[in-house]
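A quick write-up on the structure given underneath.
The values are calculated or read from the model by the stated rules, or taken from the named source; none is laboratory data. What you are looking at is a predicted structure, and each value in this text was computed from that prediction instead of being measured. When we count neighbours, we look across all protein chains shown, and the Cβ atoms used for this are built from the backbone with ideal geometry, even at glycine. The accessibility values were calculated without ligands, DNA or RNA, using every heavy atom of the protein model including side chains. Shrake-Rupley method; radii C 1.70, N 1.55, O 1.52, S 1.80 Å.
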Amino acid sequence: MAESKQTSTAEGRRERKRRQTRERIEQAAMTLFLERGFDATTIEDITDSADVSKRSFFDYFPSKEEVVFAWQDSFADRLMAAIAARPKNESPLKVVEEAIVETVAASADERGLALGELIRRTPVLKARDQMKYAKLEQKLTEALVARGGEGKAVRARMRLLSAIVIGALRVGGERWQERPPEGPLEAFARELFADLWKMLADFGDQAKNQR
């Protein structure tokens with residue numbers, strides 16, 4: 001019994017050490033990327049700043065790009081948690097809007113905004129950035145299905161909703177690049193959804209009139 005408890009504690013320490021090392025690498029890399037630029041920062045620069053070996057770096061990240069996109073993965077995880085936490089009786093539309101607005105607002109810290117700008121002005125990161133939408137759409141679908149129950153019909157509706165919402169996020173990102181909002185990100189996200197729901201309603205009316 002004592003041996004089992006000791007093993008559990010030792011495993012906990014190892015996991016904590018790995019997490020702390022990963023976070024140290026991420027922090028060192030992000031600081032350097034924002035100070036020097038992505039292309040001007042080498043893996044050696046990152047490992048020196050984080051006080052780890054190159055081998056340790058590659059234990060956690062296969063490339064510099066993956067350090068940047070670990071931040072996007074954390075955004076997706078926070079979004080899924082926000083969806084799961086919404087009241088059970090809310091409609092999928094309400095769930096999606098509130099969860100995304102909450103997650104976007106919570107992610108709007110100074111470093112997050114600077115990272116977004118870094119991605120937009122770095123060609124290799126900007127090209128890879130488009131992949132996030134496909135991953136977000138898949139995760140969003142699964143999170144909504146988990147709330148709405150299984151079945152082909154449910155999954156089809158949730159996939160459609162996810163595709164529409166992620167498309168709106170993509171448009172919002174393009175709008176941001178053209179003209180970053182001056183006010184809070186929450187207001188920007190609310191406006192984006194208001195435009196989306198109005199557009200869908202207009203499309204629905206047009207479809208009825210054409211029948």
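Here the contact order of the chain, divided by its residue count and restricted to Cα pairs under 8 Å and six or more residues apart, works out to 18 percent. Relative to the longest principal axis of the Cα atoms of the chain, the long axis of helix 131-148 makes an angle of roughly 70 degrees. For the chain, the longest principal axis of the Cα atoms and the long axis of helix 152-178 meet at an angle of about 70 degrees. Under a model in which nothing but the beta-carbon of Lys, Arg (+1) and Asp, Glu (-1) is charged, the range 16-62 shows a dipole of about 420 debye around its Cα centre. Taken one residue at a time, the phi angles of the range 89-104 give Karplus couplings (6.51, -1.76, 1.60, θ = phi - 60°) of 8, 6, 6, x, 4, 5, 4, 4, 4, 5, 5, 5, 4, 4, 5, 4 Hz. Gly and Pro are set to x.
Only helical runs count toward this figure. For the chain, summing -39,500 (n - 2.57) over DSSP H runs of n ≥ 4 and dividing by all residues gives -28500 deg cm²/dmol at 222 nm. On a per residue basis, the range 20-176 carries 52 Å² of accessible surface, using protein heavy atoms and a 1.4 Å probe.
For the pair THR31 and ASP205, label points projected 7 Å from Cα toward Cβ lie 5.5 nm apart.
Considering only ALA50, ALA189, ASN209, the residue lying farthest towards the positive end of the dipole of the chain is ASN209, judged by Cα position with unit charges set on Cβ. Considering only GLU44, GLU186, GLU137, give the residue with the highest GNM mean-square fluctuation for the chain, with springs between Cα atoms whenever their separation is below 10 Å. Evaluated over the chain, the most mobile residue of the options is GLU44.
Work out the length of the dipole vector of the range 63-202 about its Cα centre, built from +1 on the beta-carbon of each Lys and Arg and -1 on the beta-carbon of each Asp and Glu, and round it to the nearest 20 debye.
Magnitude of the dipole: close to 480 debye.
Selection among ILE83, PHE38, PRO123 by position relative to the dipole of the chain gives ILE83 as farthest towards the positive end (Cβ unit charges, Cα centre). For the chain, carbon and sulfur atoms together expose 52% of the accessible surface, with a 1.4 angstrom probe and every protein chain in place. Just checking the listed ones, ALA201, ALA84, ALA189: in the Gaussian network model of the chain with Cα springs under 10 Å, the one fluctuating most is ALA201.
One Cα centroid belongs to the range 16-34, the other to the range 76-143; the line between them spans 21 Å.
What the Cβ-Cβ distance of SER56 and ARG147 gives, at R0 = 41 Å and to the nearest 0.05, is a FRET efficiency of 0.55. Which of rounded, prolate, oblate describes the chain, given a ≥ b ≥ c as roots of the alpha-carbon gyration tensor eigenvalues and a/c under 1.5 marking rounded, otherwise prolate only if a/b is larger than b/c? Note, shape of the chain comes out oblate. So what's the angle, to the nearest 10 degrees on a 0 to 90 scale, between helix 185-210 and the longest Cα principal axis of the chain? Between helix and principal axis, roughly 40 degrees.
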